[in-house]
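Read through the structure below, which is laid out as C-alpha cells, and then see the notes.
The values are calculated or read from the model by the stated rules, or taken from the named source; none is laboratory data. Keep in mind it's a predicted model, so treat the numbers as computed, not measured. FYI the Cβ positions are ideal-geometry reconstructions off the backbone, even for glycines, and counts take in every protein chain you see.
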Amino acid sequence: MKTCFDAVLGLAGVFCGAHGRYLMKACAGSIALVALLSAMAFTPVLARADDVVVGVNWYGAKPNDLDPATQEANLTAMEKAGIHVIRSGLDPDPNKVIEFLQRAKNHDIKIVWLMSLQYPKGVRASPPPSGWPWRNPGLSQADPNSFRDVFGPLFARLDTLGLTLAAFELDNEINWIGNGDFPVPGKGRLLSLEDLSRGTEGQRIAQGFLQYLKVLATLKEMRDHLKFNQHTPVISAGLADSASAAQPFRIGGILVDSVDINTTLRFLRANGLDRLVDGYSVHHYPTSIKAGTKEGADLRLSRMMQNVFAQCGSSTGGKPCWLTEWGFNIDGDSCPVNETIRMALVREVRHDFGQFAQQGQLKGLLFFSWRDDTHAAREDHSNVIRCGSLTESGRLAIAPLR
C-alpha cells in the first residue's frame, strides 16, 4: 500500500508531467517542497523521555494494612529518596484506602492502584503450587457487578475528597498461573492465538480474557464519570514476559502454561482493548547474562523489542506500555552490598528505556521493588533498600528518565 507521502508525490508528478518540459525545473522545486511538507506532516512526533512516570513497587503486605507508623516511616523514606509514584495493591476497605492515599499525598506521592477483579460470593481460588505465592479464581468467573459494588463507593469518596491517583491498573499477570483458568500442572506450553480458539484449555482462557474486558469496561465507565480522576490513566493488567523465560516453563518443578505478552495483547486488542485503556501494563526482568558485554546488551535489547514492546505505541496503532515491574537483584546478603553489576545493568537498560520512551512506546517505569520489612525474614535481593539505606543502583533506577 502506498503511503500518504507517496500519494502526494504522485499527484505532483502528474501535474508537472501534464504541463510539459518547460515547467520541469519549477516543478522539481515544487515536488521538493511538497516532499518536505509531507515528510513534516507524516513524521510521527517523538515523545519525551522525561514524560515517563517513574517510580517503585511496594511489594508484600498491602501498605494500607500496615500500621500508620510503618506507613509513615516508609513514605517518609520514599519522599526523601525522590519517589513520587508507587505501585501497590490496596485493601479496598474505604477508610483504609482514604487514609493511606491522604497520607501518601502529604508526601507528594501518588499511587498506581493495582485493583483486584471481584467474583460472586462463594467463588474461591484453588491453592497455588508450591513455590508460587498466589493464585486467583479464573478470569472467566470475574463479575463486573461485584467490581462496581466494591469500588463504586470508594470512587465516590475519592471524588468527594479530591484525591487523585497516578493510574488505575486492573489486576495482575492474567496471562499465566495466577489466573485460575490455567490448569495446574500444565504442559509447559506457550499458547498461540490459534490455541485460544480451540481445545478446552485454550477456549477457557479466551473466555476469561473476554470476561476480563467486561470488567475493564466497567472500570473505564466508572472512571469516566469521576471529577478529579476522570483523566487518570486506566492501564490493563500487568503481563508476565513468559516468552523470555526458559521453555518449557516450570515453577517448583511443576510445568506451567502461559500466553506471552504479544499474543495476549493481540487477542485483547482484537476484542476491543484499545477502546478501554490508556496503556498496557507489562512486566520484564532482563537477564543479567554477560553483563558488561555488547553481546549481553544486544540480547537484553532484542528481548525487550521482540517480547515486551512489540505491541506498544502508535506505530502499531496501539497504546504506550507501562513497564510496571522490572529490575535486577543484588546477589548476597553481606553488608555493605556489592552493586557493581546491578549498577552497570540498570544504567544500560535505562538507556534502552529512553529510546522506547522517545518512540512513544513507554509511558511508565516502576522498579521492583521497595522493601517490606514487616514480613520479610531478610532483605530481598531485588530491593532498592539494602543494608538499611538506598543503594546507588536503586537511586539510579528510580531517577527521572532523561
Can you name the residue in region 42-65 that is modelled with pLDDT under 95 and out of contact with any helix residue (DSSP H, G or I) (no Cβ under 8 Å at 6 or more places or on another chain) and is also farthest from Glu325 (Cα to Cα) among such residues?
-> Thr43
What are the residues in region 381-398 that are of a type in the set (Gly, Ala, Ser) and either at positive phi or crowded, with 16+ Cβ neighbours inside 10 Å (or both), if any?
-> Ser382, Gly388, Ser393, Gly394, Ala397
Which pairs do you get when a residue that is within 13 Å of Lys187 (Cβ to Cβ), found in region 254-273, comes within reach of a residue that is surrounded by 22 or more Cβ atoms within 10 Å (Cβ to Cβ) and aliphatic (A, V, I, L, M), reach meaning Cβ atoms under 6 angstrom, with the pair 6+ apart or on two chains?
-> Val256/Ile177
Selected residue (criterion: modelled with the highest pLDDT) from residues of region 80-125 that are among the acidic types (Asp, Glu) and more than 23 Å from the chain's Cα centre (by Cα) | Glu99
For region 279-305, which residues satisfy the criterion of being in a loop (DSSP other than H, G, I, E, B) and either of a type in the set (S, T, N, Q) or touching a His at 6+ places or on another chain (Cβ under 9 Å) (or both)?
-> Thr287, Ser288, Thr293
List the number of the failed condition for Ala206; all other conditions in (1) outside any helix (DSSP H, G or I); (2) hydrophobic (A, V, I, L, M, F, W, C); (3) more than 20 Å from the chain's Cα centre (by Cα) hold.
-> (1)
Restricting attention to region 47-61, does a residue exist that is over 19 Å from the mean Cα position of the chain (by Cα), surrounded by fewer than 22 Cβ atoms within 10 Å (Cβ to Cβ) and among the charged types (D, E, K, R)?
-> no
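Rundown of residues vs (1) among the basic types (Lys, Arg); (2) buried (at least 17 other Cβ atoms within 10 Å of the Cβ); (3) out of contact with any helix residue (DSSP H, G or I) (no Cβ under 8 Å at 6 or more places or on another chain), yes/no style:
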residue	(1), (2), (3)
Ser244	no, yes, no
Gln247	no, no, yes
Gly253	no, no, yes
Arg266	yes, yes, yes
Arg269	yes, yes, yes
Asp274	no, no, yes
Asp278	no, yes, yes
His283	no, yes, yes
Gly296	no, yes, yes
Over region 148-182, the set of residues surrounded by fewer than 18 Cβ atoms within 10 Å (Cβ to Cβ) and either assigned to a strand (DSSP E or B) or at positive phi (or both) is Gly162
